[in-house]
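The block underneath contains the structure these notes are about, expressed in structure tokens.
The values are calculated or read from the model by the stated rules, or taken from the named source; none is laboratory data. Predicted, not measured: the structure shown is a model, and the values here were computed from it. Note that we place each Cβ from the backbone using ideal geometry, even for glycine, and neighbour counts take in every protein chain shown.
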Amino acid sequence: MMAPDRRVLLNPGPVTTTDTVKRAQVVSDTCPREREFRDLMGRVRDHLIGVVEGGSEYVAVIFESSGTGAVEACISSVVPRDRKLLILSNGGYGDRMAEIGQAYELDVLQYRIPWGRPLDKKSIECLLQRHRGQVSHVALVHHETTTGMLNDLAEFTRLAHEYNAEVVVDAISSYAGLPIGIAELGVDYLVGSSSKCLQAMPGLSFVICRREHVEGQPRGGPRSYYLDLYSQHRFFEEQSGVRFTAPVQAFCALDQALIEFFEETGAGRHRRYLRNHTEMVEGLRRLGFRFLLPPEQRSCLMIAVIEPTNPAYSYDEMHDYMRSRGFVIYPERYSAPGAFRLANMGEIEARDIRAFLRALEAFLEEKSLGGDLYEAH
Ligand SMILES: *Cc1c(COP(=O)(O)O)cnc(C)c1O
């Protein structure tokens with residue numbers, strides 16, 4: 001089988017994958033209840049925990065959904081009826097967690113600051129003090145993909161635990177891209193998905209959580225029939241499978257992607273992403289672009305670029321020009337206001353970034369934009 005044309009996706013998921021991951025989907029028609037496939041699912045579950053260095057005290061509960069499904073399953077399942085969920089939000093995905101909580105009519109306490117501002121530990125601690133004994137869970141986004149900001153997982157996990165709250169982390173865009181030691185950090189629930197730094201196909205998401213939290217008496221929900229963390233876990237333990245029709249091909253791709261993750265190693269992948277990030281940021285700066293966040297707040301997985309103000313600039317023209325050359329960039333409307341984003345996830349090498357920058361430079365020259373992107377004419 002010929003591999004389809006390679007595209008360099010600079011949108012934050014789904015990402016550019018290897019041909020071996022793409023090809024892993026082409027399998028004989030498979031009944032997911034057969035032994036062979038149940039073995040594959042078991043291996044995937046173990047590997048998912050291994051990526052974040054968890055031990056047997058952790059389990060991986062997989063859902064047949066995009067990342068949001070697992071966030072929703074977690075939030076709607078774990079918060080007890082008479083307790084509060086504190087959500088720390090400094091971007092679009094933090095806001096989304098609050099919307100999920102509200103959709104289930106949970107008692108949501110939202111610490112909300114403008115997109116792109118760092119979480120302030122003091123004010124969060126004040127909130128926890130004011131609601132002492134009432135907050136059962138603190139939820140936050142590790143890497144806020146809408147701005148590229150990295151929130152401090154260790155600091156806020158510690159803080160939540162000091163106030164006897166468990167922590168729910170949306171690590172969808174950082175999982176497998178940044179080193180995360182779930183056991184060392186003591187994170188209670190960590191959510192990831194197949195289609196970002198894991199470099200597999202979209203369609204699967206998962207919660208990695210402490211075994212004791214999903215075994216025994218459920219403490220909160222379930223509040224949803226389909227997105228029920230406890231039943232999904234129990235079914236896996238008893239039947240080695242998911243409760244509903246498994247997306248077989250997505251699982252096969254994920255299995256292969258996990259094997260490739262361990263071949264590259266977590267440290268190796270992180271180094272490759274760091275190299276690409278440095279190449280990208282230096283290249284963009286050279287071309288005259290400015291960035292939304294200062295360097296110390298940025299992750300290496302995403303760069304939010306301030307939209308040029310020069311009237312000769314048009315995002316759509318830039319998008320189409322780059323798209324016709326095999327590079328896909330991501331529009332402002334899904335980003336912090338006044339910025340567009342370039343993700344750094346997936347099977348991309350430094351030479352792809354250099355080729356991207358050359359094409360971008362050619363576009364700017366064609367539009368006579370070189371050097372004064374932010375000047376009004
Ligand atoms: C991509 C992403 C999600 C989930 O998005 P889906 O479209 O449901 O896959 C959630 N949180 C973060 C931080 C993300 O980057």
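Structure data summary
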item: When residues of region 108-127 are limited to those that are within 17 Å of A160 (Cα to Cα) and in contact with an Asp or Glu (Cβ under 8 Å, 6 or more places away or on another chain), the one surrounded by the most Cβ atoms within 10 Å (Cβ to Cβ); result: L119
item: Residue match in region 228-239 (condition: more than 22 Å from Y104 (Cβ to Cβ), more than 14 Å from the ligand (Cβ to nearest atom) and buried (at least 17 other Cβ atoms within 10 Å of the Cβ)); result: yes
item: Flag for L86 being part of a strand (DSSP E or B) and touching a residue at least 40 places away in the same chain (Cβ under 8 Å); result: yes
item: Scope region 316-375; condition charged (D, E, K, R), modelled with pLDDT of 95 or more and surrounded by 18 or more Cβ atoms within 10 Å (Cβ to Cβ); matching residues; result: E347, D352
item: Number of the exception - E263 against (1) under 22 Å from P337 (Cα atoms); (2) surrounded by fewer than 18 Cβ atoms within 10 Å (Cβ to Cβ); result: (1)
item: Single condition A3 does not satisfy, out of (1) assigned to a loop (DSSP other than H, G, I, E, B); (2) at pLDDT below 95; (3) more than 27 Å from G266 (Cα to Cα); result: (3)
item: Index of the failed condition, R83 passing every other in (1) within 15 Å of the ligand (Cβ to nearest atom); (2) farther than 29 Å from G241 by Cα; result: (1)
item: Residues that are more than 12 Å from V138 (Cα to Cα) and within 16 Å of the ligand (Cβ to nearest atom), drawn from region 150-168; result: L150, N151, D152
item: Check on S224, more than 16 Å from the ligand (Cβ to nearest atom), among the hydroxyl-bearing types (S, T, Y) and over 30 Å from E263 (Cβ atoms); result: no
item: Residue within region 304-315 that is surrounded by 15 or more Cβ atoms within 10 Å (Cβ to Cβ), part of a helix (DSSP H, G or I) and at negative phi present; result: no
item: Search result, residues across region 128-151 that are in a loop (DSSP other than H, G, I, E, B) and not basic (K, R); result: H131, G133, Q134, H142, T145, T146, T147, G148, N151
item: Residue within region 63-78 that is more than 16 Å from the ligand (Cβ to nearest atom), hydroxyl-bearing (S, T, Y) and not in a loop (DSSP other than H, G, I, E, B) present; result: yes
item: Residue list for region 133-151, restricted to those being more than 29 Å from P331 (Cβ to Cβ) and surrounded by fewer than 24 Cβ atoms within 10 Å (Cβ to Cβ); result: G133, Q134, V135, S136
item: The lone exception for E125 - which of (1) more than 14 Å from the ligand (Cβ to nearest atom); (2) in a strand (DSSP E or B) it fails; result: (2)
item: Answer residue from region 25-47, given it is touching an Asp or Glu at 6+ places or on another chain (Cβ under 7 Å) and not charged (D, E, K, R) and is nearest to the ligand (Cβ to nearest atom) among those; result: V44
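So that you can scan it fast, the table gives a plain yes or no per residue for (1) within 16 Å of the ligand (Cβ to nearest atom); (2) within 25 Å of S231 (Cα to Cα); (3) touching a residue at least 60 places away in the same chain (Cβ under 8 Å); (4) surrounded by 19 or more Cβ atoms within 10 Å (Cβ to Cβ):
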{"residue": "D170", "(1), (2), (3), (4)": "yes, yes, yes, yes"}
{"residue": "S174", "(1), (2), (3), (4)": "yes, no, yes, yes"}
{"residue": "A183", "(1), (2), (3), (4)": "no, yes, yes, no"}
{"residue": "S195", "(1), (2), (3), (4)": "yes, yes, yes, yes"}
{"residue": "S205", "(1), (2), (3), (4)": "yes, yes, yes, yes"}
{"residue": "H213", "(1), (2), (3), (4)": "no, yes, yes, yes"}
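Matching residues to (1) among the charged types (D, E, K, R); (2) free of Cβ contacts under 8 Å to residues at least 60 places away in the same chain; (3) farther than 22 Å from H213 by Cα:
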| site | (1), (2), (3) |
| --- | --- |
| V8 | no, no, yes |
| R33 | yes, no, yes |
| G54 | no, no, no |
| A73 | no, no, no |
| D82 | yes, yes, no |
